[in-house]
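Enquirer: If you scroll down you'll find the structure; I have some questions about it.
The values are calculated or read from the model by the stated rules, or taken from the named source; none is laboratory data. Computed from a prediction, not measured in an experiment: that's the story for all the values here. Reconstructed Cβ throughout: ideal geometry from the backbone, glycine too, with neighbour counts over all protein chains shown. Areas reflect the complete protein model, heavy atoms only, side chains present, ligands, DNA and RNA absent. Shrake-Rupley method; radii C 1.70, N 1.55, O 1.52, S 1.80 Å.
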Amino acid sequence: MKQDLTVSEVLVDPLIAQLRKADDVGYAAFAQLLQSAARVHTRQLLGQLHAERADAFYRRVDDVSEKNKLS
């Protein structure tokens, strides 16, 4: 598999459905779990992106400040 399954694909996958049923996990509870995990993952990625962009911004500010000092 070249890419991860989407939440929708996981919910209709027959093998995952068999595992979910074997573990006695209801469809609605499983869907809610996946959606919650996706929200947490998205927040983490956005936080990481924000930190990376802030770091890049301050590095650029430092570079410009150094160039101005040399001029």
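Enquirer: Considering every residue within segment 24-35, establish whether at least one is surrounded by 10 or more Cβ atoms within 10 Å (Cβ to Cβ) and under 13 Å from the mean Cα position of the chain (by Cα).
Expert: Yes, segment 24-35 has at least one match.
Enquirer: Looking at (1) assigned to a helix (DSSP H, G or I); (2) open to solvent by 80 Å² or more (accessible area, probe 1.4 Å); (3) modelled with pLDDT under 95, which is the only condition K2 fails?
Expert: Going through (1) assigned to a helix (DSSP H, G or I); (2) open to solvent by 80 Å² or more (accessible area, probe 1.4 Å); (3) modelled with pLDDT under 95 one by one, K2 breaks only (1).
Enquirer: Given the options Q48, Q18, name the one that is at pLDDT 95 or above, surrounded by fewer than 12 Cβ atoms within 10 Å (Cβ to Cβ) and not hydroxyl-bearing (S, T, Y).
Expert: Q18
Enquirer: Mind checking which pairs have a first residue in segment 40-69 that is closer than 30 Å to V7 by Cα and a second that is in a helix (DSSP H, G or I) and of a type in the set (S, T, N, Q), Cβ under 9 Å, 6 or more apart or different chains?
Expert: No pair meets every condition.
Enquirer: Test E66 against the stated conditions and say whether it is open to solvent by 60 Å² or more (accessible area, probe 1.4 Å), of a type in the set (D, E) and within 22 Å of the chain's Cα centre (by Cα).
Expert: Against the criterion (open to solvent by 60 Å² or more (accessible area, probe 1.4 Å), of a type in the set (D, E) and within 22 Å of the chain's Cα centre (by Cα)), E66 does not qualify.
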